[in-house]
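**Q** Questions regarding the structure given below will be posed in turn.
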Amino acid sequence: MGRYSKINVGDSAKIKHIITSKDIEKFVELSGDDNRLHVDKEFASKTSFKKPVAHGMIGASFISTIIGTKIPGDGALWYAQSLEFLLPVRIGDELTITATVLKKIDRQNSIELQTDIYNQHKQKVTTGIAKVKIIEDEIIEEDISLLSEKIVLVIGATGGIGSETAKILAKENYNMILHYNSNKSKAEQLKTELQNLTDKKIILVQANLLNEQEISEMFFEINRYFISISAFVNASTLHFGNIKISNLEWSDISSQLDINIKVNFNLVKKIIPLMEINHYGKIVFITTQATEQFNSEWLHYITGKSALNGFAKALAVELASKGIRVNLVSPGMTDTELISDIPEKVKLLTSAKTPLKRLAKPQDIANAISYLISKKSDFLTGETIRVNGGQVMI
């Protein structure tokens, strides 16, 4: 949330966590507290609790998480805490940890927080008051220096095009924010690989793009590390199949509109202020060749991407005065997981019809993205770069 002066009484934050058996095992290993009520099912069954109970301090430890990362965040010194354990917590319980500012103490540069933990049944299981001193950093030379750095947010970084884009940009000395939805292990593996290519800063952020709250939390995390962004690439995809109009539901179309328009609208609203700081930025969306060379039974997909084309061009006109360029990359059929269900015969026919006699590779798309977010493309906006081996020529 930032410095002391920016915090107001009533500000709040929340995080969630599902208690697992591994949480208990790790806590026992760390603390040595192997009380049989926590770890022995047979022993617990003979007590009034009937099932093992998670250590109270496991839940309470997430109060530290919310203080250290959300409110007040970096620079927080947690120096006092009262706790009341109201109900038992067990494996499988989903905890919601909340913190709300009750009071500001100016002479100490500290705040008091109401800290509560609820289970999935909205029952309060733990409550207490936290006292936190906010350590003010001296005006951040690192943040100021980052204003002149190249910083790119790649949405869908674990996909075929997203990961290839990240690899190319790592070699081009970009600081990177890599987004993933659910594949954390692949994101961590990608980050490790990229750190062998660059000494620039790389952070991972998670969000379900269809959840506006998760998008807000993602940008909260981004703002902990960066005060500006110079480029944004949305390489996320939504799997789709052929659907005849007789079987098509409005939900099939609306899901494509959500991922192409609603998601990008919510992302761009957060990104623009981070680009306005430098009066400079590059935004790149991924469209499709299918909006110019139509495929049968793709009405839902083509509708979504056609809407994205209009969205991007209208945005390009509006943001030009802010120094922000908006462009699209339009791939032909590209050898990624997205086409894994397309019959091999169709892929071979597409290759044969392509003047360059092959399908696009993720690297082909990533190279075009790299160009569009570089200074080499500063006089391009509202443009579509076609990467299709010559299938469509305009």
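Derivation of every value follows stated rules applied to the coordinates shown; laboratory data play no part. What you see is a predicted model; the values in this text were computed from it and never measured. As a convention, Cβ positions derive from the backbone with ideal geometry for all residues, glycine included, and neighbour counts pool all protein chains shown.
**Q** Which residue, 217, 164, 136, has the most motion in a Gaussian network model of the chain that connects Cα atoms within less than 10 Å?
**A** Maximum fluctuation in the GNM of the chain, among the listed residues, is at 136.
**Q** Could you check which residue among 273, 52, 72 shows the biggest mean-square fluctuation in a GNM of the chain with a 10 Å Cα cutoff?
**A** Residue with maximal mean-square fluctuation among 273, 52, 72: 52.
**Q** Continuing with this model, one more query. Among bridges DSSP assigns within the chain, what percent are antiparallel (round to 5)? Intermediate results must be reported in sequence, preceding the final value.
**A** On the way: 32 of 60 bridges.
Around 55 percent of the beta bridges assigned by DSSP in the chain are antiparallel ones.
**Q** Additional query: To make sure I understand, if each residue's beta carbon is the centre and we count other beta carbons within 10 Å, what order do 174, 280, 118 fall in, fewest to most? Mind showing how you got there, number by number?
**A** On the way: 174 26, 280 16, 118 20.
Ordered from fewest to most neighbouring Cβ atoms within 10 Å, 174, 280, 118 come out as 280, 118, 174.
**Q** Additional query: Within a Cβ distance under 13 Å of residue 19, other residues only, what is the Lys/Arg minus Asp/Glu net charge?
**A** Values: positive: 16, 22, 26, 51, 90; negative: 23, 25, 93, 94.
In short, +1.
**Q** Report the calculated FRET efficiency for residue 250 and residue 208 (r = Cβ-Cβ distance, R0 = 22 Å), to the nearest 0.05. Show your work: numbers first, answer last.
**A** Values: r = 22 Å, r/R0 = 0.99.
Efficiency, from the Cβ-Cβ distance: 0.50.
**Q** Which residues in region 162-196 have a backbone N closer than 18 Å to a point placed 7 Å from the Cα of residue 149 along the Cα-to-Cβ line?
**A** Counting only backbone N, you get 166-179, 191-196.
**Q** Structure shown: which of 103/322; 184/361; 51/184 lie over 28 Å apart, alpha-carbon to alpha-carbon? Show your work: numbers first, answer last.
**A** Working: 103/322 39 Å; 184/361 24 Å; 51/184 31 Å.
Exceeds cut-off: 103/322; 51/184.
**Q** Could you tally the net charge around residue 30, taking each other residue with its Cβ under 15 Å from the Cβ of residue 30, Lys/Arg +1 and Asp/Glu -1? Let's see the in-between values first.
**A** Working: positive: 22, 26; negative: 23, 25, 29, 33, 34.
Once positives and negatives cancel, what remains is -3.
**Q** Mean residue ellipticity at 222 nm from the helices of the chain, using -39,500 (n - 2.57) per DSSP H segment of n ≥ 4 over the full residue count, to the nearest 500 deg cm²/dmol? Intermediate values should be presented prior to the final figure.
**A** Numbers: 13 runs with 143 residues, N = 394.
Estimated from H runs of four or more residues: -11000 deg cm²/dmol.
**Q** Pairs 262/353; 186/269; 46/131; 41/191; 270/375: which exceed 32 Å Cα-Cα?
**A** Numbers: 262/353 35 Å; 186/269 28 Å; 46/131 39 Å; 41/191 39 Å; 270/375 23 Å.
Those over the limit are 262/353; 46/131; 41/191.
**Q** Can you tell me the 0 to 90 degree angle between the C-alpha axis of helix 344-353 and the longest principal axis of the chain, rounded to 10?
**A** Once rounded, one gets 50 degrees.
**Q** Turning to a different aspect of this structure: Given the options 205, 39, 152, state which has the largest fluctuation in a GNM of the chain using a 10 Å cut-off (strictly under) for Cα springs.
**A** Judging by the Gaussian network model, the answer is 39.
**Q** Let me ask something else about it. Per the Kirkwood definition applied to all pairs of different Cα atoms, how many angstroms is the hydrodynamic radius of region 4-134?
**A** One decimal place: 15.6 Å for the Kirkwood radius.
**Q** A follow-up question, please. Summing +1 for each Lys or Arg and -1 for each Asp or Glu, what net charge is found among the other residues whose Cβ lies under 15 Å from the Cβ of residue 122? Spell out each step's value before the answer.
**A** On the way: positive: 14, 16, 124; negative: 93, 94, 116.
So the environment of residue 122 carries a net charge of 0.
**Q** For helix 160-171, what angle does its Cα long axis make with the longest principal axis of the chain, in degrees from 0 to 90 and rounded to 10?
**A** Between helix and principal axis, roughly 80 degrees.
**Q** Where does region 15-83 land on Rg/Rh, using Cα atoms and the Kirkwood Rh? Spell out each step's value before the answer.
**A** Numbers: Rg = 14.6 Å, Rh = 13.7 Å.
Ratio value, two decimals: 1.07.
**Q** Okay, next question. Taking amide hydrogens as modeled 1.01 Å from N in the peptide plane, which residues meet the under 5 Å criterion relative to residue 326, leaving out close sequence neighbours?
**A** Amide H neighbours of residue 326: 283, 382.
**Q** I would also like to ask the following. Can you sort 132, 233, 268 from fewest to most other Cβ atoms within 10 Å of each residue's own Cβ?
**A** In increasing order of surrounding Cβ atoms, one gets 268, 132, 233.
**Q** Beyond 20 Å, what share of the Cα-Cα pairs of region 103-257 remains, rounded to the nearest whole percent?
**A** On the way: 7768 of 11935 pairs.
Cα-Cα pairs in region 103-257 separated by more than 20 Å: 65 percent.
**Q** For the chain, what size does the Cα cloud have along each of its three principal axes, sorted from largest down, in whole Å?
**A** Taking max minus min along each principal axis of the Cα atoms, the chain gives 73, 53, 41 Å.
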